[in-house]
Amino acid sequence: MGQRQYDVIGIGIGPFNLGLAALIDGLDDSLDAAFLDQQSEFIWHEDMLIEGSTLVSSILGDLVTPADPTNPHSFLNYLHHHDRFWEFYNYENFRIPRKEYNKYCNWVIDRLDSCQFGQRVDAVRVTESGEFLIQADSTTGTGVTEYRCDDIVLGTGSQPYVPESLRGHPDDDVFHSSGYLSQRDRCLDADTITVVGSGQSAAEIVLDLLRKQPDNEYRIDWFTRSDGFYPVDSSKLTRELRSSDYMEYFYDLPQETSEERVDQQDLLYKGIAPDTSAAIYNTLYHYSVDEDPDIGMLAKTEVESIGAGSGDTYQLQCHQWEEDERFCHESEVVILGTGYRRTIPEFLELVREHIKFAGENQFEIGENFEVETRGLDGSIFAQNRGFHEHGFNTADLSLGAYQAGTIINEILGEEVYKVGQGDRFQSFGTDQFLEQSSQSGRIEEIPLSSD
Ligand SMILES: Cc1cc2nc3c(=O)[nH]c(=O)nc-3n(C[C@H](O)[C@H](O)[C@H](O)COP(=O)(O)OP(=O)(O)OC[C@H]3O[C@@H](n4cnc5c(N)ncnc54)[C@H](O)[C@@H]3O)c2cc1C
């Protein structure tokens, strides 16, 4: 069993920890870091790399640029290395193909020495001298490696979520959207397909199935329990909320307020990208010139359970909650776009007593993305986690460099990366507004008018 000593170990190599690895690489050896991932290689949401699908965020918010535009691991440098700059220039679109984002991340990984794949972290413990000891099992059978480090950064992302009442059916027929491409041939063979959910993944799958429908002749049904097949609000003024300033403002709200707000902000991140929504509509419109498209769509409808149907089908028990009507629906294939959930990684079991939790599957997370702990010398940071503390935009790729830069500044105890510049037009909170407005002042500081 080998043993290596590091300043920082990142667990999980998704875009968030990869951005951290790239920013650490730009530091001239001030931090010795390693990043471990259980996959044999990086493939970004492999079964959702649907042809034609694009990022929903701008590639200017790549792994490093928002924290350090001079970092060599930028997307622009990737383009330059691949002789694609002018093609991108003429593409005139910051929403690059998802497949290209995957290639960009792999290019960055190939240039870094710190990323190790095929390493599944099974346990984290604390040594007598107060360091973390991380045990990783090789998924290629080369045994267990132990890594010692001062600080840990969790970047294990979120996991596909299927409600309990919809579980327990053969994966070939009833599966989560995260497995779509592996099951697409099965779908093309089916007579009836039902998609559940109205987030971006469900919408992209419906669009893909619609485009293939003329050659395969299945019926598509699409249910969502949401109020409608609504788009995510990506207008420019709303996009200002996808900023470090808004995260900082949100962090300072009282806990009850932030919990309440996060529940009310679904349309800021959970809906369908407007161009995907338009593409679905336009495809239907084109089909309808010849005949009614073979599709059913119903919102406000929860699929409450799935059981056996007639023949090869499954029977879905559905509830239109606004009318309080229940009905059955049969389908050969059911695709569950039921989202993702963050869980507490099992490998933290041995240090669990040191960690402060804010609720089920929820760490207490501080302003600088550090998990609140007790009795530890080192720190545990968590990227893409502080949903309730930092707001809906923690999962936004363009805020990854901000989170990573903040963590590096915190570990090194100085501002090596300039993050959170405050460059947006609107103010978040009264303090910010009053600071820039000579017309306004706090009531207690302004003399009351006499009438
Ligand atoms: C299909 C899809 C498209 C998306 N598109 C966008 C977009 O365009 N823009 C945007 O802003 N957001 C997007 N998101 C949301 C979010 O930004 C992504 O999910 C992003 O991949 C999250 O990155 P991450 O680094 O937190 O985790 P992940 O990408 O999920 O990576 C986590 C990694 O941790 C590893 N891991 C887990 N446990 C262990 C362990 N015990 N040991 C070792 N490794 C482990 C996993 O193998 C995995 O590789 C998208 C989400 C999905 C599902």
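The values are calculated or read from the model by the stated rules, or taken from the named source; none is laboratory data. Not measured: the values here are computed from a predicted model. We place every Cβ from the backbone using ideal geometry, glycine too, and count neighbours over all the protein chains shown. All accessible areas refer to the heavy atoms of the entire protein, side chains included, with ligands and DNA or RNA removed. Shrake-Rupley method; radii C 1.70, N 1.55, O 1.52, S 1.80 Å.
Tabulated results
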{"read-out": "Residue in segment 6-18 that is open to solvent by less than 90 Å² (accessible area, probe 1.4 Å), near the ligand (Cβ under 10 Å from one of its atoms), in contact with a strand residue (DSSP E or B) (Cβ under 6 Å, 6 or more places away or on another chain) and in a helix (DSSP H, G or I) present", "value": "yes"}
{"read-out": "Residue tally, condition open to solvent by less than 20 Å² (accessible area, probe 1.4 Å) and over 20 Å from residue 340 (Cα atoms), over segment 214-227", "value": "3"}
{"read-out": "Leading residue by the ranking (least open to solvent (accessible area, probe 1.4 Å)) among those in segment 53-100 that are touching a residue at least 60 places away in the same chain (Cβ under 8 Å) and in a helix (DSSP H, G or I)", "value": "61"}
{"read-out": "Criterion (open to solvent by less than 60 Å² (accessible area, probe 1.4 Å), of a type in the set (A, V, I, L, M) and more than 15 Å from the chain's Cα centre (by Cα)) met by exactly one of 434, 399", "value": "434"}
{"read-out": "Residue list for segment 276-286, restricted to those being surrounded by 14 or more Cβ atoms within 10 Å (Cβ to Cβ) and free of Cβ contacts under 8 Å to residues at least 40 places away in the same chain", "value": "none"}
{"read-out": "Cβ-Cβ under 6 Å pairs, at least 6 apart or on other chains, segment 417-430 side on the phi < 0 side of the Ramachandran plot, far side surrounded by fewer than 15 Cβ atoms within 10 Å (Cβ to Cβ) and not in a loop (DSSP other than H, G, I, E, B)", "value": "427/433"}
{"read-out": "Matching residues, segment 164-180, being more than 19 Å from the chain's Cα centre (by Cα) and of a type outside the set (Asp, Glu)", "value": "165, 166, 167, 168, 169, 170, 174, 175"}
{"read-out": "Output for segment 314-343, where each listed residue is of a type outside the set (A, V, I, L, M, F, W, C), in a loop (DSSP other than H, G, I, E, B) and open to solvent by 30 Å² or more (accessible area, probe 1.4 Å)", "value": "322, 323, 324, 338, 342, 343"}
{"read-out": "Hits in segment 101-125 - residues which are part of a helix (DSSP H, G or I) and either open to solvent by 10 Å² or more (accessible area, probe 1.4 Å) or of a type in the set (Phe, Trp, Tyr) (or both)", "value": "101, 102, 103, 104, 106, 107, 109, 110, 111"}
{"read-out": "Any hit, segment 197-205, residues being open to solvent by 30 Å² or more (accessible area, probe 1.4 Å) and of a type in the set (D, E, K, R)", "value": "no"}
{"read-out": "Residue 444, sole failed condition from (1) open to solvent by less than 20 Å² (accessible area, probe 1.4 Å); (2) away from the ligand (no atom under 15 Å from the Cβ); (3) in a helix (DSSP H, G or I)", "value": "(1)"}
{"read-out": "Segment 21-52, subset open to solvent by less than 60 Å² (accessible area, probe 1.4 Å) and in a helix (DSSP H, G or I), residue nearest to residue 273 (Cα to Cα)", "value": "48"}
{"read-out": "From 373, 394, residue being within 16 Å of the ligand (Cβ to nearest atom), among the hydroxyl-bearing types (Ser, Thr, Tyr) and buried (at least 16 other Cβ atoms within 10 Å of the Cβ)", "value": "394"}
{"read-out": "Residue within segment 344-366 that is more than 16 Å from the ligand (Cβ to nearest atom), assigned to a helix (DSSP H, G or I) and either modelled with pLDDT of 90 or more or of a type in the set (Gly, Ala, Ser) (or both) present", "value": "yes"}
{"read-out": "Unique residue being assigned by TED's automatic domain parsing to the domain that holds residue 60 and charged (D, E, K, R) when the list is 431, 377", "value": "377"}
{"read-out": "Any chance residue 39 is within 14 Å of the ligand (Cβ to nearest atom), touching a residue at least 12 places away in the same chain (Cβ under 8 Å) and not hydrophobic (A, V, I, L, M, F, W, C)", "value": "yes"}
{"read-out": "Residues satisfying the stated conditions in segment 411-429, i.e. among the β-branched types (Val, Ile, Thr) and either in a loop (DSSP other than H, G, I, E, B) or loosely packed, with under 11 Cβ neighbours inside 10 Å (or both)", "value": "416, 419"}
{"read-out": "Filtered residue count, segment 126-166, keeping only those that are in a strand (DSSP E or B) and open to solvent by less than 30 Å² (accessible area, probe 1.4 Å)", "value": "12"}
{"read-out": "Residue among 72, 66 that alone is assigned by TED's automatic domain parsing to the domain that holds residue 134, within 15 Å of the ligand (Cβ to nearest atom) and not basic (Lys, Arg)", "value": "66"}
